[in-house]
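I have placed the structure first, in the form of structure tokens, so that the comments after it can refer back to it.
The values are calculated or read from the model by the stated rules, or taken from the named source; none is laboratory data. For clarity, every value in this text was computed on a predicted model and none was experimentally measured. When we count neighbours, we look across all protein chains shown, and the Cβ atoms used for this are built from the backbone with ideal geometry, even at glycine.
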Amino acid sequence: MKILVCIKQAPDMASRFKVNGEGTWYDETDLAFRMNEYDEYAVEQAVQLKEQLGNTPDITVLSIGPDRVVEVVKKALAMGCDRGAHIQDDASFRKDPWQIASVIAGFSRDRNFDLIFTGMQSQDRGSGQVGAIAAEVLSIPCVTTVVGFAFNDGVITARRELEGGVKAVVKLKLPALVTCQLGLNTPRYPTLPNIMKAKKKELLSFPIADFLQDKELTATSSVYPPAKKGSGVVLEGEVNDMVGKLIGILKEKTKVVK
Amino acid sequence: MKALLICEYREGKLLESSYELTAFADRLGADKAMVLIGKEAEAPRVNAKVYLADAAKYGEYNPEAHKKVVLEAIKRENPDCIVFLHSSYGWDLAPRVAAALKVGQVSEITGINEGKFEVGLCNAKLRRTVTPRTGKMVVTIQAGAFNWTGEPRGKAQIEKIELADAAYPLEFVGYEPARKRDVDLARAEVIVSAGRGIGKKENVAIIAALAKALGGELGASRPVVDAGWVEHSRQVGTTGQIVAPKLYVACGISGAIQHVAGMKKSEFVVAINKDKDAPIGEVADVLVVADVMQFVPALTAKLQK
């Protein structure tokens with residue numbers, strides 16, 4: 001079985017974000033990058049499936065972006081993927097979901113993957129489109145928002161997460177594409193031996209021009225900080241001072257504290 | 001402009017959130033038609049054409065069939081804009097329709113800024129406007145961003161859609177109901193919620209102690225539940241419980257959209273977070289910029305005096 005996992009590198013969401021100089025995206029200066037959280041679950045599920053099937057499947061992990069994204073490909077290799085592919089593009093943030101999905105489809109097309117895992121969305125852009133569009137372009141079945149995954153006798157049983165804690169149980173056969181929701185599994189920390197092993201794994205790099213054929217279907221017209229800050233009170237300073245102030249506010253504004 | 005609105009339907013009922021689509025169309029000043037894969041008796045109460053396909057035949061989750069129904073409605077109606085809710089149904093189906101038509105999709109619209117669609121970037125810490133480059137476009141709207149008020153009054157003009165017989169690749173087996181909750185947060189007057197910022201499972205007790213000191217219930221954000229620190233019945237958010245207590249205290253919670261959607265109707269919100277820019281600040285009446293594990297014990301101690 002050939003498995004593809006598509007991952008993105010995203011900035012640490014606890015960062016302070018500023019608009020970049022051109023006004024076209026967020027400024028990358030001083031940001032720490034890591035694997036998009038949703039994609040961690042995708043990598044883990046692929047590796048768990050490989051282990052379930054006696055380590056016979058071969059997992060390719062793919063990421064698109066500037067050279068720094070190789071870091072997350074290496075982490076995925078250390079988690080258990082077999083080979084890495086980096087589609088190089090210094091301006092990947094400018095590629096819209098259609099372009100990213102069609103590049104993934106172009107990469108996948110002749111490589112005959114039986115199963116493709118992606119995160120259901122990225123933490124930075126969060127459009128939630130790439131997985132489903134790639135499946136549509138490849139004409140393979142797709143199920144999104146998966147919080148439960150089982151594979152037996154060629155059939156996937158997936159549990160989709162709906163609003164209010166309800167789940168929908170869905171079955172589908174291979175080839176298929178699955179987009180992963182948070183909580184699907186518990187992503188493993190790469191062990192030191194596996195990090196060392198990963199250094200020997202194949203990691204190929206391709207220019208995005210090898211796969212990019214289409215223009216964007218949507219474009220970012222402007223990026224800006226939110227207009228209104230919260231209209232609430234901000235307390236800063238010494239802890240005990242703030243405790244006193246907060247209790248005062250709660251006494252005044254709510255009936256909760258007397 | 002003509003908008004085609006795709007209704008939400010589950011367990012035999014039209015979801016009321018479907019009317020948010022009409023509120024969005026009204027904001028655009030667009031003529032509207034709707035699509036429902038459901039039963040005729042559940043057709044939305046709007047004075048508009050409603051394309052109806054039978055859920056008994058096509059199923060409640062069958063994206064390939066639903067995509068074909070929507071594409072057929074698009075063929076007949078020729079809308080400029082096809083609108084979905086950004087829900088587990090909408091974000092699953094919208095990109096399939098957009099890709100089939102090769103048109104641009106704008107996801108999770110939060111507002112309209114000078115005629116352009118505004119969406120969040122980096123957990124809504126920044127905003128951006130997105131412009132489709134294609135004549136037709138698909139959009140999804142954030143749940144609760146476009147509110148409709150009042151009672152829907154109207155009579156749908158039904159037009160049926162039947163697809164040619166086909167086999168579909170996904171088999172919908174059924175729903176698993178939400179686990180029985182041993183705590184009903186929807187009835188709590190005070191909720192104190194633990195978020196990732198508490199650091200580790202052992203610190204939940206400190207948040208629970210504050211909840212007790214305020215006479216309230218412990219709640220939690222999703223990452224804390226996923227990590228197994230707090231049980232799912234205490235999760236606040238779109239995939240947990242929607243709450244509206246008199247006082248909501250968010251401890252170490254950044255304010256991801258899905259969490260905020262679950263608690264923004266609270267009467268008074270206090271957020272404790274060392275990140276002054278955390279999105280939770282936008283819904284907080286008071287933002288305490290502090291380390292949760294320093295502030296909360298001090299607050300609890302003072303309250304207990």
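So residue B:217 ticks every box in (1) facing chain A (nearest Cβ under 10 Å); (2) closer than 25 Å to residue A:247 by Cβ but one. Which box is left unticked?
It is condition (1) that residue B:217 fails.
What are the pairs, 6+ residues apart or on separate chains, where a residue within the range B:279-292 that is on the phi > 0 side of the Ramachandran plot and without any contact (Cβ under 8 Å) to a residue 60 or more places away in the chain has its Cβ under 8 Å from a residue that is outside any helix (DSSP H, G or I) and buried (at least 21 other Cβ atoms within 10 Å of the Cβ)?
none
Kindly check whether there is at least one residue in the range B:49-62 that is under 16 Å from residue B:31 (Cα atoms), of a type outside the set (Lys, Arg), touching a residue at least 24 places away in the same chain (Cβ under 8 Å) and within 14 Å of chain A (Cβ to nearest Cβ).
Checking the range B:49-62: not a single residue is under 16 Å from residue B:31 (Cα atoms), of a type outside the set (Lys, Arg), touching a residue at least 24 places away in the same chain (Cβ under 8 Å) and within 14 Å of chain A (Cβ to nearest Cβ).
Of all residues in the range A:1-52, which are of a type in the set (Val, Ile, Thr) and within 20 Å of the chain's Cα centre (by Cα)?
Correct list: A:3, A:5, A:7, A:43, A:47.
Among the residues of the range A:141-155, count how many are in a strand (DSSP E or B) and facing chain B (nearest Cβ under 10 Å).
7
Working only within the range A:159-181, note down all residues that are closer than 24 Å to residue B:257 by Cβ and hydrophobic (A, V, I, L, M, F, W, C).
A:162, A:166, A:168, A:178, A:180
On the basis of being within 11 Å of another protein chain (Cβ to nearest Cβ), closer than 24 Å to residue B:122 by Cα, buried (at least 20 other Cβ atoms within 10 Å of the Cβ) and not polar (S, T, N, Q), does residue A:101 make the cut?
yes
Could we say that residue A:231 is crowded, with 16+ Cβ neighbours inside 10 Å, more than 30 Å from residue B:180 (Cα to Cα) and within 14 Å of chain B (Cβ to nearest Cβ) here?
The answer is no for residue A:231.
Quick one: residue B:102 ticks every box in (1) facing another protein chain (nearest Cβ under 8 Å); (2) crowded, with 20+ Cβ neighbours inside 10 Å; (3) among the charged types (D, E, K, R) except a single one, so which number is it?
Result: residue B:102 passes all but (2).
When you look at residue B:211, is it surrounded by 20 or more Cβ atoms within 10 Å (Cβ to Cβ), more than 9 Å from every other protein chain (Cβ to nearest Cβ) and either part of a loop (DSSP other than H, G, I, E, B) or out of contact with any helix residue (DSSP H, G or I) (no Cβ under 6 Å at 6 or more places or on another chain) (or both), yes or no?
yes
Kindly indicate whether residue A:109 is charged (D, E, K, R) and touching a residue at least 24 places away in the same chain (Cβ under 8 Å).
yes
Taking the range B:223-245 as the region of interest, how many residues are in contact with a strand residue (DSSP E or B) (Cβ under 6 Å, 6 or more places away or on another chain), part of a helix (DSSP H, G or I) and within 9 Å of chain A (Cβ to nearest Cβ)?
Here the count works out to 1.
Look at residue B:112 and say whether it is in contact with a Lys or Arg (Cβ under 9 Å, 6 or more places away or on another chain), of a type outside the set (Phe, Trp, Tyr), exposed (fewer than 14 other Cβ atoms within 10 Å of the Cβ) and in a strand (DSSP E or B).
no
Taking the range B:246-268 on its own, how many of its residues are within 8 Å of chain A (Cβ to nearest Cβ) and either of a type in the set (Asp, Glu) or crowded, with 24+ Cβ neighbours inside 10 Å (or both)?
Selection size over the range B:246-268: 3.
So in the range B:183-208, with the set limited to residues that are out of contact with any Cys (no Cβ under 8 Å at 6 or more places or on another chain) and in a strand (DSSP E or B), which one is farthest from residue B:261 (Cα to Cα)?
By that ranking, first place goes to B:190.
Which one of these is in the same structural domain as residue B:6 (by TED's automatic domain parsing), closer than 16 Å to residue B:23 by Cα and over 14 Å from the mean Cα position of the chain (by Cα): B:117, B:84?
Of B:117, B:84, the one residue that is in the same structural domain as residue B:6 (by TED's automatic domain parsing), closer than 16 Å to residue B:23 by Cα and over 14 Å from the mean Cα position of the chain (by Cα) is B:117.
For the range A:116-140, which residues satisfy the criterion of being in a helix (DSSP H, G or I) and either more than 10 Å from chain B (Cβ to nearest Cβ) or touching a helix residue (DSSP H, G or I) at 6+ places or on another chain (Cβ under 7 Å) (or both)?
A:130, A:132, A:133, A:134, A:136, A:137, A:138
One residue is enough: does the range B:122-132 have a residue meeting the conditions more than 8 Å from chain A (Cβ to nearest Cβ) and either out of contact with any helix residue (DSSP H, G or I) (no Cβ under 6 Å at 6 or more places or on another chain) or closer than 24 Å to residue B:42 by Cα (or both)?
No, the range B:122-132 has no match at all.
Mind telling me which of the residues A:51, A:22 ends up being over 23 Å from residue A:128 (Cα atoms) and not in a helix (DSSP H, G or I)?
A:22
Yes or no: the range A:175-182 includes at least one residue that is of a type in the set (Val, Ile, Thr) and more than 7 Å from chain B (Cβ to nearest Cβ).
Yes: one or more hits.
If I filter the range B:293-303 down to residues being touching a residue at least 24 places away in the same chain (Cβ under 8 Å) and out of contact with any Lys or Arg (no Cβ under 9 Å at 6 or more places or on another chain), which single residue comes out as surrounded by the most Cβ atoms within 10 Å (Cβ to Cβ)?
Residue satisfying both the conditions and the ranking: B:299.
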